[in-house]
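Heads up: the structure comes next, in structure tokens.
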Amino acid sequence: MSEIYAITDDILTPDETIKNQVLEILQNGVKFIQYRSKKSIQNEEIIKNLISLCEDFNAKLIINDNVNLTKKLKAHGVHIGKDDAMLKNTKEFLGNEFIIGVSCYNDINLAINAQNIGAGYVAFGAAFKSATKPNALLSGIEIISQAKEKVSLPICIIGGINQGNIADVATKKPDMIAMIEAIYKPNSIKENIANLRKKIHQWT
């Protein structure tokens, strides 16, 4: 069954509430959380708390785009962009004990390269248009099937996925379905995850 991969957000999960929100996500069985913040200075204390929370639930805390912080705070992994040199440097810097996720957008060849260099999972998207990244290149969801033929790594799909279209995504059986807004809206986190999971279950 496709796993839900929950991503935090500076607006939807502000510093004042993020710990309780992530706790609720974990209590509802999600095993992958990405800490994604665009602030110039990251709150290390919050990230430490999230790592600890994830460990309490045997879950993984992935930091978006900050390799140094990942190593310093001993997060479980980092998610980076498509640049091969960046992946090679990240792999050298972190070694094998950290998960490295790589954005591959709509390009299977990027995923093949990432696999060869030593990524832990590859992510494609945007599956659909989203409010978070309105100008993102669209990959559609057919790319999941194409990627399954070419790479053996876990495959993640992201971008504009919500209760209205997650059933279509689930038919392609990605390993992980990453979401931001759909985790926190329109109802409680618990209700949202339950509704999303129900639609995933229809196809697994």
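The values are calculated or read from the model by the stated rules, or taken from the named source; none is laboratory data. If you're wondering where the values come from, they're calculated on a predicted model, not measured in any experiment. Because the Cβ atoms are built from the backbone with ideal geometry, glycine has one as well, and the counts that use them run over all protein chains shown. The accessibility values were calculated without ligands, DNA or RNA, using every heavy atom of the protein model including side chains. Shrake-Rupley method; radii C 1.70, N 1.55, O 1.52, S 1.80 Å.
Summary table below
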read-out	value
Residue 12 paired with residue 135, simple spin-label distance in nm, labels 7 Å along Cα-to-beta-carbon	2.1 nm
Global form of the chain, assessed from the alpha-carbon gyration tensor, a/c cut-off 1.5	oblate
With every protein chain in place, the stretch 3-202: carbon and sulfur % of accessible area (1.4 Å)	47 percent
Gained length - residue 55 relative to residue 191, 0.36 nm times residue gap less alpha-carbon distance	46.6 nm
Accessible area (Å², 1.4 Å probe, nearest 10) - residue 193	0 Å²
Loop-located trypsin sites (Lys or Arg not before Pro) in the stretch 2-108 whose Cβ has at most 15 other Cβ within 10 Å (DSSP)	38, 39, 74
Per-residue [θ]222 nm for the chain (sum of -39500 (n - 2.57) over DSSP H runs n ≥ 4, rounded to 500)	-11500 deg cm²/dmol
Flagged links, alpha-carbon separation over 26 Å, of 71/148; 39/173; 39/185; 31/91; 148/185	71/148; 39/173; 148/185
Euclidean distance between Cα centres, the stretch 125-156 to the stretch 90-114, Å	15 Å
GNM top mover of 118, 95, 140 - the chain, alpha-carbon springs below 10 Å	95
Per residue, in Å², the accessible surface of the chain once ligands and nucleic acids are set aside, probe 1.4 Å	48 Å²
